[in-house]
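Novice: Quick one: the structure is below, questions incoming.
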Amino acid sequence: MAPRDSQSVAGDPKADLAAVERLADGYRKVTAELSRVIVGQSSVIEELLISLFAGGHCLLVGVPGLAKTLMIQTLAQVLDLSFSRVQFTPDLMPADITGTEVIQEDKLTGTREFKFLPGPVFANLILADEINRTPPKTQAALLEAMQEHQVTVGGKRHLLPEPFFVLATQNPIEQEGTYPLPEAQLDRFMFNVMVDYPEEEEEFQIIRQTTSDKRPEVAKVLSREEVQLLQQTVRQVPVADHVIRYAMQFTRLTRKEKGQVPDFIQKYVSWGAGPRASQYLILGAKARAMLHGREYVSTDDVRAVALPVLRHRIITNFNAEAEGVRPDDVIRRLAEIISSNSAHGNSRGKLPEVFQSTDSGPA
């Protein structure tokens with residue numbers, strides 16, 4: 001057995017282990033059911049589930065026709081969650097997603113009163129399709145729901161059903177007539193998941209499966225109550241201090257205004273990631289560890305979630321654009337130079353020094 005990269009599990013080890021086994025078993029069953037409908041995309045499915053069980057929201061970026069909507073609909077069925085799809089358009093108003101108040105008359109007494117009619121945001125799993133095609137006013141209406149799990153209409157707060165999970169999609173090709181999400185709202189998404197083209201054999205299976213008259217049925221694996229319980233369990237997973245410091249290095253080394261950073265950060269990065277990135281790195285690492293049947297978190301878990309957590313939180317500059325350097329390239333280079341062994345820090349609790357590379361470009 002590989003050595004643990006964390007401290008011992010607090011509390012009742014049997015109870016903790018039972019929760020880990022339940023989530024790991026649920027992960028296997030969920031992926032098995034999704035594979036009946038979705039061909040390939042295993043890394044995308046894993047990142048979606050990590051974000052869901054960590055209590056975060058996801059932004060999916062990919063060209064049309066990659067089954068993003070079908071994947072999310074199937075996920076809602078497998079987890080027995082209520083599902084709502086909102087097609088974001090330039091004429092969509094905030095009330096179209098949050099709901100509105102209408103005047104209703106009581107036929108017996110003749111009195112009139114306002115009644116709140118919930119909008120499509122009142123569901124467990126929300127698909128915000130092409131979120132960058134709606135004006136900022138409507139985008140902001142979704143922001144309160146994502147952060148506070150509530151909406152305010154007519155001065156009254158209305159709580160959203162739990163668990164609450166927003167999956168927003170963006171088309172990376174067509175940018176004309178769109179309203180790019182501001183950085184403050186992008187930061188609310190735990191993961192930015194890239195949905196890529198399928199491999200040749202996967203595309204063959206997709207065509208054969210979707211052009212026949214057979215429609216595979218999926219079974220419900222977990223209930224919404226179990227999903228909520230597992231979300232709470234993820235936060236209870238202990239993390240060693242050196243793993244937290246390892247995660248912090250990924251974010252702190254992107255801030256060129258603060259201390260010593262590698263040469264390629266100085267050259268290609270305009271703005272670095274904030275503290276929320278460090279929080280999501282640890283939460284994502286906790287969920288990943290449990291999905292893989294471990295009740296402890298390792299630096300490998302942090303490294304595995306670094307790309308989806310950081311790629312929308314690192315703002316590259318003109319030099320990067322001119323040389324074709326993407327945020328993913330910067331993150332991969334950071335993963336190469338940050339040593340998991342050096343993440344223990346020094347006696348004063350400060351981050352260890354990271355030597356600058358003689359090569360100024362990403363690998």
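Every read-out reported here was derived from the displayed coordinates using simple, explicitly stated rules and does not represent laboratory data. Fair warning: this is a prediction, and the values are worked out from it, not measured in the lab. Every residue, glycine as well, gets a Cβ built from its backbone with ideal geometry; the counts of neighbours run over all protein chains shown.
Novice: What translational diffusion coefficient, to the nearest whole µm²/s, does the chain have by Stokes-Einstein, given a Kirkwood radius computed over alpha-carbon pairs, a temperature of 4 °C and 1.567 mPa s viscosity? The partial results should precede the final answer.
Specialist: Values: Rh = 22.2 Å.
Answer, rounded: 58 µm²/s.
Novice: Mind listing the phi-derived Karplus ³J(HN,Hα) values for the stretch 213-220, rounded to whole Hz, using 6.51, -1.76 and 1.60 with θ = phi - 60°, and x for any glycine or proline?
Specialist: 8, 8, 10, x, 9, 10, 9, 7
Novice: In the chain, with Lys and Arg counted as +1 and Asp and Glu as -1 at Cβ, which of these residues, PHE204, PRO180, VAL309, has the Cα nearest the positive end of the dipole, that is, farthest along it?
Specialist: VAL309
Novice: Give me VAL302, VAL44, VAL261 ranked fewest to most by other Cβ atoms within 10 Å of their Cβ, as a rough exposure proxy. Before the final figure, lay out each step's value.
Specialist: Working: VAL302 31, VAL44 22, VAL261 19.
Arranged by neighbour count, lowest to highest, VAL302, VAL44, VAL261 become VAL261, VAL44, VAL302.
Novice: A follow-up question, please. 222 nm [θ] for the chain, helices only, -39500 (n - 2.57) per DSSP H run of 4+, per residue, to 500? Spell out each step's value before the answer.
Specialist: Details: 14 runs with 154 residues, N = 363.
Helix-only estimate at 222 nm: -13000 deg cm²/dmol.
Novice: Hey, got the dipole for the chain? About the Cα centre, +1 on K and R Cβ, -1 on D and E Cβ, debye to the nearest 20?
Specialist: Details: 40 positive and 47 negative charges, 195 e Å.
Around 940 debye, computed over the chain.
Novice: Report the number of Lys pairs in the chain whose alpha-carbons are under 14 Å apart, with separation of 8 or more residues or on distinct chains.
Specialist: Values: LYS29/LYS220; LYS115/LYS156; LYS256/LYS267; LYS258/LYS350.
Final tally of qualifying lysine pairs is 4.
Novice: Run through all the Cα pairs of the stretch 182-224 and give the fraction in each 10 Å bin from 0, expressed as whole percent.
Specialist: Result returned by the calculation: 18, 23, 32, 24, 3.
Novice: Percent antiparallel among DSSP beta bridges with both residues in the chain, to the nearest 5?
Specialist: Working: 13 of 30 bridges.
Around 45 percent antiparallel, to the nearest 5.
Novice: Return the sequence-ordered ³J(HN,Hα) values of the stretch 127-132 in whole Hz as given by the Karplus equation 6.51 cos²θ - 1.76 cosθ + 1.60 applied to θ = phi - 60°, using x for Gly and Pro.
Specialist: 9, 8, 7, 6, 5, 7
Novice: About the Cα centre of the stretch 215-280, how large is the charge dipole given +1 on each Lys and Arg Cβ and -1 on each Asp and Glu Cβ? Please answer in debye to the nearest 20.
Specialist: Values: 11 positive and 6 negative charges, 51 e Å.
Using Cβ point charges on Lys, Arg, Asp and Glu, the stretch 215-280 gives about 240 debye.
Novice: So, by mean Cβ neighbours within 10 angstrom, what's the order for 239-245, 209-215, 123-129 with the highest one leading?
Specialist: Values: 239-245: 19.4, 209-215: 8.9, 123-129: 23.1.
Top to bottom by mean Cβ count within 10 Å: 123-129, 239-245, 209-215.
Novice: Still on this structure, I have one more. Hey, fewest Cβ within 10 Å first, where do MET71, MET290 land in order? Before the final figure, lay out each step's value.
Specialist: Numbers: MET71 21, MET290 30.
In increasing order of surrounding Cβ atoms, one gets MET71, MET290.
Novice: Further question on the same structure: Taking other Cβ within 10 Å of each residue's Cβ, how do SER82, SER35 sort, fewest first? Write out the running numbers ahead of the final one.
Specialist: Values: SER82 12, SER35 16.
So the ranking, lowest neighbour count to highest, is SER82, SER35.
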